Amino acid sequence: MSTTQSTPQVRMTTLSNGIRVVSQQIPGMQSAAVGIRNDSSTRNEPADCAGASHFIEHLLFKGTPTRSADQITDEFNSIGARANAYTSQEEVFYYAVALASIIPATFDILADMFVNSWLPETEVEKERAVVLQEILMNQDTPSRFIYNQFHLGFWQGHPLGSPILGTSESIGAIGRNRLMDYKLSNYLSSATIVSVAGNVEHDRMVDQAERALGALPTGAPQVKQPEQGWQSAIGENRHFPRPLEQTLFYMGYPLPPAGNQHRHKLAVFNQILGTGMNSRLFREVRERRSLAYTVYSMMSSYTDTAALMIYAGTSADRAQEAVDVCHAEVMRFCDEKVSEEMLAAAKEQIRSARLMALDDCETQVRRISNTTSLLGAPEPVGVSLEAVAAVTSEDVRDMARLLFAGVVPRVESVGSGEGPGLPR
């Protein structure tokens, strides 16, 4: 039996108003998760609404015409559901994890929030203070600060470069009516994806979504595009002096957008480069040179652009060495093929991680929502694993040469002293 046949299948139904309902049924599980995704977020915000998507995410929990903020919290609590939400550059996602038997009741609360939240004035003012504190917290947390700064620098001149939280000035100025106008203009049917994972029936969720979300306005949000010819800001470095014990840095290389033809090769590449204790970065930067306690690589993928990012924290006097070593490990993929043993181990790590993640409904409900948005349909785990299994060492080398050869990354750092420069 192939991996595709032996792993859970996914289904998608598009409602009459354009809402997509996707599910991954896993019989026998006690838990399930359900989410509602809005495919319009920070990148689409006009200047007078900077940070509005994230602000609204907070406020959707603060009351509807039939439920107060306390009632929303109490209802989730009374049925044993755990609700949360997050905002990224391209989405706002509201979700809850609960026993499979109460997912319909859980979804009813989420849908009421999503459609009917009215952003009460008193709650707007209270939550404004909370968001302002969150902005200050991110400024005061070096790892969050440098992540945000790297994002702003790498995607400068692109709508993705806008800060998710907004600024203290924009959050302080935006009023309740403007927030409501922005919500009504962006929480639209064709930008909405309902996802559910666990022991839940697809057709029942379709029927409930049709009833609960039928009042959403139709249409699609206006998506802000970068100027023609935009390129990521690489080959530059910037340091933010702060009296820290470590220098923290991100390095970034441009990648093709999410859903690109190299995505499965990139998954193998990233596993070998900087995921886990067997990765090249961990072995070279930490184990052999003792340069850092934490070092890893990751990929940030969006609809029209993406980046390979490397993070490490080291001492100020060895930060340049760490940058040089990390870059050398990327370039190494261009010069030589990975061994068959290393390739097989990386594929097995990916396979094991994705199959074990099937036991986590929260992870799955995010995954099928994300692949639906970026690929146009939910991607079954088995399909992705078969694509990963087909990657060869020649594929990884050829892709590395195509994407990384001759590229000078962007480097952003925070810490004492002058900070590292570009890799030598």
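How long are the three semi-axes of the equivalent ellipsoid of segment 284-347, in whole Å, if each is the root of 5 times an eigenvalue of the C-alpha gyration tensor, listed from largest down?
On the way: eigenvalues 98, 68, 26 Å².
Largest first, segment 284-347 gives 22, 18, 11 Å.
Evaluating 6.51 cos²θ - 1.76 cosθ + 1.60 at θ = phi - 60° for every residue in segment 256-270, the Karplus couplings come out as x, x, 4, x, 5, 5, 9, 4, 6, 5, 5, 4, 5, 4, 5 Hz, glycine and proline recorded as x.
Over segment 93-138, the ratio between the Cα radius of gyration and 2.2 N^0.38 Å evaluates to 1.55. Between the listed residues PRO120, PHE76, VAL130, the Cα displaced farthest toward the positive end of the dipole of segment 67-137, a dipole computed from Cβ unit charges relative to the Cα centre, is found at PHE76. Between ARG11 and SER101, the FRET efficiency estimated from the beta carbon spacing at R0 = 22 angstrom works out to 0.65. All alpha carbon pair distances within segment 19-62 were sorted into 5 Å bins beginning at 0; the resulting P(r) in whole percents reads 5, 15, 20, 15, 15, 12, 9, 5, 3, 1. The modelled label-to-label distance between THR66 and GLN228, using points 7 Å beyond Cα along the C-beta direction, is 5.0 nm.
Each 5 Å bin from zero up to the one holding the largest Cα-Cα distance in segment 379-424 carries the following percent of pairs: 5, 15, 13, 13, 12, 12, 12, 9, 7, 2. Angle check, please: helix 121-140 long axis (alpha carbons) against the longest principal axis of the chain (alpha carbons), in degrees 0 to 90, nearest 10. That helix lies at roughly 10 degrees to the long axis.
Ignoring lysines fewer than eight residues from LYS224 along the same chain, the ones with Cα atoms less than 19 angstrom from its Cα are LYS183.
Return the carbon/sulfur percentage of the accessible area of segment 257-332, one whole number, probe 1.4 Å, all protein chains in place. Spell out each step's value before the answer.
On the way: 1370 of 2940 Å².
C and S fraction of accessible area: 47 percent.
Length, then width, then depth: along the principal axes, the Cα atoms of segment 285-399 run 47, 30, 30 Å.
Against the chain, whose longest principal axis is taken from its Cα atoms, helix 142-154 shows a tilt of about 90°.
Taken about its Cα centre, the chain carries a charge dipole of roughly 480 debye when the Cβ of each Lys and Arg holds +1 and the Cβ of each Asp and Glu holds -1.
Per residue, how large is the accessible surface of segment 316-424? Use a 1.4 angstrom probe and give square angstrom. Intermediate results must be reported in sequence, preceding the final value.
Numbers: 4670 Å² over 109 residues.
Roughly 43 Å² per residue, with all protein chains present.
Please check: in the Gaussian network model of the chain (C-alpha springs, under 10 Å), which one of LYS62, LYS347, LYS337 has the largest mean-square fluctuation. Residue with maximal mean-square fluctuation among LYS62, LYS347, LYS337: LYS337. For the chain, the longest principal axis of the alpha carbon atoms and the long axis of helix 340-356 meet at an angle near 20°. Note that segment 336-424 carries a Kirkwood radius of 16.4 Å, evaluated over its alpha carbons pair by pair. Ranking TRP118, TRP230, TRP155 from most to least accessible surface, computed with a 1.4 Å probe over the protein chains only, gives TRP118, TRP230, TRP155. The share of alpha-carbon pairs in segment 60-180 lying farther apart than 18 Å comes to 62%.
Give the residue list of chymotrypsin sites (Phe, Trp or Tyr not before Pro) in segment 233-317 that are DSSP loop and have at most 14 other beta-carbon atoms within 10 angstrom.
Numbers: sites: PHE249, TYR250, PHE269, PHE282, TYR293, TYR296, TYR302, TYR311; in loops: TYR293, TYR302.
Passing both the DSSP loop test and the Cβ count: TYR293.
For segment 349-391, the direction-averaged projected area of the alpha-carbon convex hull comes to 3.0 nm². In plain terms, if you count all Cα to Cα distances in segment 8-85 and split them into 10 Å steps from zero, the share in each step is 14, 31, 37, 17, 1 percent. Which FRET efficiency, nearest 0.05, do GLN30 and GLU386 yield, Cβ-Cβ r, R0 30 Å? Step by step, r from the Cβ atoms, then E = 0.55.
Counting every alpha-carbon pair across segment 1-143, the share separated by more than 24 Å comes to 42%.
Sorted largest first, the principal axis extents computed over the alpha-carbon atoms of the chain equal 61, 58, 42 Å.
Over all Cα atoms in segment 179-327, the spread is summed up by Rg and Dmax: 21.7, 61 Å. The Stokes-Einstein estimate for segment 134-175, based on a Kirkwood radius over Cα pairs and taken at 37 °C with 0.692 mPa s viscosity, is a diffusion coefficient of 300 µm²/s. With q set to 0.15 Å⁻¹, the log10 of I(q)/I(0) for segment 224-298, from the Debye formula over equal scatterers at the Cα positions, is -0.76.
Ranking SER41, ALA105, THR64 by how far each Cα lies toward the positive end of the dipole of segment 1-136 (charges on Cβ) leaves ALA105 at the top.
The values are calculated or read from the model by the stated rules, or taken from the named source; none is laboratory data. None of these values were measured; they are calculated from a predicted model. When we count neighbours, we look across all protein chains shown, and the Cβ atoms used for this are built from the backbone with ideal geometry, even at glycine. Quick note on the areas: whole protein, heavy atoms, side chains included, nothing else; ligands and nucleic acids left out. Shrake-Rupley method; radii C 1.70, N 1.55, O 1.52, S 1.80 Å.
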